[in-house]
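Nothing in this text is a laboratory measurement; each read-out follows from the coordinates by a stated rule. Quick caveat, the model's predicted, so the values are computed rather than measured. Please note: Cβ atoms are built from the backbone with ideal geometry, for glycine as well, and neighbour counts cover all protein chains shown.
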Amino acid sequence: MNRRPTLSGLQLKLLALLTMTMDHAGAVLVRGSLYRPLRDAGRLAFPIYCFLLVEGYLHTRDVKKYLGRLLFAFLLSELPFDAALYRSVPAPRRNVMLTLALGLVTVLVLDRVRGALWGRRPFPGSEAPDREKAPPPLWLELPLCFAVISAGMRAAFWLQTDYRGGGVLLIVLFFVFREQKEALLLTVPPLLLVFYTPMELWGTLALLPIALYDPQKGRTARRASPQQPKSRRGRALQWFFYLYYPAHLTVLALLRDLLLHTPVTLELPF
């Protein structure tokens, strides 16, 4: 019997990394007929990263360390991001790692609020209660959830992060509808169209590899227990994906300076 193809978390990360690199190469180096195809292909990267962020939140052993890694990557990436994509230091926007960090905080708080209302686990790693509470009234749950999501989106707008509030909302959608593919198909395209340009609708194609994701594929028996520490290879891969973002932006900025002779503008605050 033929089984449908599936993708592991590592394969999804590699796909996101590849399409992100194509997007940034098109934005920084390429002009002419190849520019638009590279940028269109790059629209798949951010939705995949948002989905993987939610998966990471649901399976992390320590959400504080997870957030710390994102913030570290944000600080490390800000100068390469400014130089590569805006040719100006500082740039008018903050890099996408801050968007992902704000999305993680928003999902964490949303999970805690809903967990407190429903009597379920408020966040990964906590123990479930002996019994669940009665369902909370909608007049209480909906305003609280709306307030949490709005706060996360407003923070992204205020900090002028890449993808801004729409990026935080996309992460929330992947969290709320993580097991409802039809709901994602109905909500993700309108979000991309309302918050961004029509070109971002290419990001809808990211739902196809996301639908093929199998959380069990690629996991070994050694990692079956959540208490089992990561292997050296696992930690190396983890940091590779964090460090690749600032590294490839740095390389692209240097290549543009060497090949196209377009220097970066430094704007001093005095």
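For the stretch 9-266, list log₁₀ I(q)/I(0) at each q in 0.08, 0.12 Å⁻¹, using the Debye formula over Cα point scatterers of equal strength and ignoring solvent, two decimals each.
-0.34, -0.76
List the trypsin sites (Lys or Arg not before Pro) within the stretch 1-44 that fall in a DSSP loop (any state other than H, G, I, E or B) and whose Cβ has at most 10 other Cβ atoms within 10 Å.
Listed in order of number, the matching sites are R3, R31.
Rounded to the nearest 20 Debye, what is the dipole magnitude of the stretch 9-266 about its Cα centre when Lys and Arg each give +1 and Asp and Glu each give -1 at the C-beta?
Roughly 680 debye for the stretch 9-266.
Charges on Cβ only, +1 for Lys and Arg, -1 for Asp and Glu, centred on the Cα centroid of the stretch 1-116; of Y86, F74, M20, which one is farthest towards the dipole's positive end?
Looking along the dipole axis, the top candidate is M20.
Would you tally the net charge around M22, using a Cβ to Cβ cut-off of less than 12 Å, leaving M22 out, and scoring K and R as +1, D and E as -1? Display every interim value, and only then the final one.
Details: positive: R36, R39, R43; negative: D23, D40.
That sum, taken over residues with Cβ under 12 Å, equals +1.
Among 195-208, 91-104, 15-28, 153-166, what's the highest-first ranking by average C-beta atoms within 10 angstrom per residue?
Those peptides, ordered most packed to least, come out 91-104, 15-28, 153-166, 195-208.
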